[in-house]
1. Going by what's in this entry, would D186 be described as touching a residue at least 60 places away in the same chain (Cβ under 8 Å) and not basic (K, R)?
2. Just to verify a result, which residue in the stretch 98-141, among those that are surrounded by fewer than 20 Cβ atoms within 10 Å (Cβ to Cβ) and basic (K, R), is nearest to the chain's Cα centre (by Cα)?
3. Restricting to the stretch 329-345, count the residues that are touching a helix residue (DSSP H, G or I) at 6+ places or on another chain (Cβ under 9 Å) and surrounded by 16 or more Cβ atoms within 10 Å (Cβ to Cβ).
4. Which pairs do you get when a residue that is part of a strand (DSSP E or B), found in the stretch 225-245, comes within reach of a residue that is among the acidic types (D, E) and surrounded by 23 or more Cβ atoms within 10 Å (Cβ to Cβ), reach meaning Cβ atoms under 8 angstrom, with the pair 6+ apart or on two chains?
5. Being surrounded by 12 or more Cβ atoms within 10 Å (Cβ to Cβ) and either at pLDDT below 90 or closer than 22 Å to M341 by Cβ (or both): is that true of F76 here?
6. What is the number of the single condition among (1) touching a residue at least 40 places away in the same chain (Cβ under 8 Å); (2) surrounded by 15 or more Cβ atoms within 10 Å (Cβ to Cβ); (3) touching a Ser or Thr at 6+ places or on another chain (Cβ under 9 Å); (4) not small (G, A, S) that I161 does not meet?
7. Which residue, of S504, S541, is at pLDDT 85 or above, under 24 Å from T613 (Cα atoms) and polar (S, T, N, Q)?
8. I'd like the full set of residues that are of a type in the set (A, V, I, L, M) and either surrounded by fewer than 20 Cβ atoms within 10 Å (Cβ to Cβ) or over 19 Å from the mean Cα position of the chain (by Cα) (or both), limited to the stretch 499-510.
Amino acid sequence: MFSNSGNIILRDKPSRSDNSEDELHDLFNKKYQFRFSDEWRLPDRDSWFSAPPWTIKILDTMKSRLNFHKSQLNDFSIEEWSSHTRRRNPAGEVSWKIRCLINPEFLTQAWTKFYECLSTYKMIPEEACITQKMVSLHLCEAPGAFITSLNHYMQLHHRNIEWKWLANTLNPYYEENSPSNMISDDRFMFHTLSNWDFGVDNTGNLMNWDNSQSIVSKAKSLGKVLLVTADGSIDCMQKPDAQEEVTSPLHYCEIVTALQALSKGGTFIFKLFTTFEHSTVSLLYLLNHLFKEVNIYKPITSRQGNSEVYAICLKYKDNLPLDDYLLTLRSTYGTELYSNMSLFPLELIPESFIKQVEECAYYFSSLQCHVINNNLQAYLMQNNIALHRDIKKIRSMVAAEFIWKYDLKPIDTDQEILKGVLHEVNSINNNPRYCRGSYTERQLYCKMSTKEKLRHLSAYLQDELLSNPMVLINEPVRWINRVKDAKLELSFTYGRPLMKINSSKFILVPIFKLYQQILSDDDFKEIIMYKYESGEAMNVSELCDDSAKVLLLPDCHAYDLYHAYEKSCFKSLLCYLKGMSKGESLILKNYNTLTHFNVSVLYIMSKVGFDKTGFASSGHIVLRNLQDMTLLEILNKIDIECDNLKMEQNRDVLNSLPVQITNVGDFFNNIVFYNNTEYRNKCTEYLNTIEQSL
């Protein structure tokens, strides 16, 4: 079917039986379009958020039915069930086929889903085609595959359009962001940071009104925003039966932001899940008034067994004076009030619209229930060879159909956003979202005794050490050398002060997650703090000469606010360095290397000041042979900048160097090795201490 000739792939439509054609048609056409009625009226502004939440009996029944089917999966571990459904996924070979034949930039499942949406609906507005200019805004976008997918589509179909883009997401470089809600994969973002906006507080949290306004303002400054995408979600692992309720406040924030940014005639696409709740019904009713066409679509490359669908809203009417509504919209933006009130009273939403919502909900929830049942049956019949043969045939047909149907072709490397960079480096995401076990196991953990929890966490640690090849330091000290005549220019990053560390780019997820889980248990934490509150003795004779100075910093658990601890430690370090002479060495104990602020300071010391820097497997950092006293001038500038912001409650210095300097090369790798080793050792030691105390 395919033959390569340079960059051209010749295609013929595959010949298939009528049954196969019908099956493919159903797989590729899971969609619903709302039918707008001129009799529908948008409720008066005074009625917005004036009524308590309401329910619709038929939708509630559908929700119960779907949750019953989903509950049958409670006892399956995530790893086991995901592996099974991957094998059963009709679109499971699409990405592999595309990679082999097209090899696009930053291919992910999100790339294929968005390319389907672009190819199925006319999402590039008419104005962009006429003026040959377009700005797109991508909300909750990490890791960025919607952007590379859009670029591929534009290069094939709208190459003459001058396209600019801006993206927003939870900032993976801001350590207070939760890894359960944040995509930490920065392979694309790292190279395009100037196109990303993390808001006024640098968290990237779109549910903050000021952040939203900052993003809207910056996007509109680039030109007419004619496309807005929103691919956000919130972790629902602990509430799989309430996915829609949990994510709806985010969808509201995405919609309010998009409506302010979009120009007339623009397109808006956002991810949602089920349509059972008052919040989603109201939002869909609003969107039907503001866009000429509202579609609900489930791409074939979206996992069949989940609730994910996309609302594709075409031709923005710009018929609502948003400025008059901003106070109302802001009153519930990112607040609990949004969940406690309904956007519109039920009696002001026409019955004819409710009927369409019911049709849509029934269609997509029935598809999901059907897939869950089929997957369960297939799990019980894993030895059925004919079953495997059938799904293999379907997967092959779907992959071929996908490329033919959407006329996918390669583009030249110089047409890519990063001109081939992502094909050469950073091809693997080293820190994916991470979760183990079944829903039932996670619920039971909360009810375990202290001894049972200890056994559970010890087994978890052993499983990780055996199954996950985490990079550790396996020698006493790993050294890196100073760069002579290094020239560094400080570049400060500001944002909301860190209250605590929830994530880090400088450690692999599983080990830090275990460390956090141990310390989050009050019984465990009490034992650990009692044991280590007096500090620890350390043997430094093997790390440096006897004349080396030793700086033992306090443990961060002694402070309520992490940013206060961090800046206090920095001042202690700077004061200590001012008392040192050229040629002296320093050993740091308890120096936290999880945050960009501390890592940038260590980078400056290792690249400018000291001859060699050693990362010890025992948990110390060795700075050997102070050489360049200009180090103090650089650190003094950081100290002054921190002092300048000392009186500002909502602003702090988060970094003093660009991440493109600190987060690459041997220095970055050794920081990761060091943290993996240090926190693995801490987990082992903490669990042993707890076991001995019981």
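1. Values: touching a residue at least 60 places away in the same chain (Cβ under 8 Å): yes; not basic (K, R): yes.
So D186 fits the description; yes.
2. Checking each candidate, the answer is R99.
3. Step one: list which residues in the stretch 329-345 are touching a helix residue (DSSP H, G or I) at 6+ places or on another chain (Cβ under 9 Å), which gives 329-339, 342-345.
Add one more test, that the residue is surrounded by 16 or more Cβ atoms within 10 Å (Cβ to Cβ), and what stays is 329, 332-334, 338-339, 342-345.
So the count comes out to 10.
4. These pairs meet every condition: T229/E141; A230/E254.
5. Details: surrounded by 12 or more Cβ atoms within 10 Å (Cβ to Cβ): yes; either at pLDDT below 90 or closer than 22 Å to M341 by Cβ (or both): yes.
Here the answer is yes, as F76 does meet what is asked.
6. It fails just one condition, (1).
7. Details: S541 fails: at pLDDT 85 or above.
Every option except S504 fails the conditions.
8. Restricting attention to the stretch 499-510, the residues satisfying the condition of being of a type in the set (A, V, I, L, M) are 499, 501, 507-509.
Matches in the stretch 499-510: M499, I501, V509.
The values are calculated or read from the model by the stated rules, or taken from the named source; none is laboratory data. Quantities reported herein were computed from a predicted structural model and do not represent experimental measurements. Every residue, glycine as well, gets a Cβ built from its backbone with ideal geometry; the counts of neighbours run over all protein chains shown.
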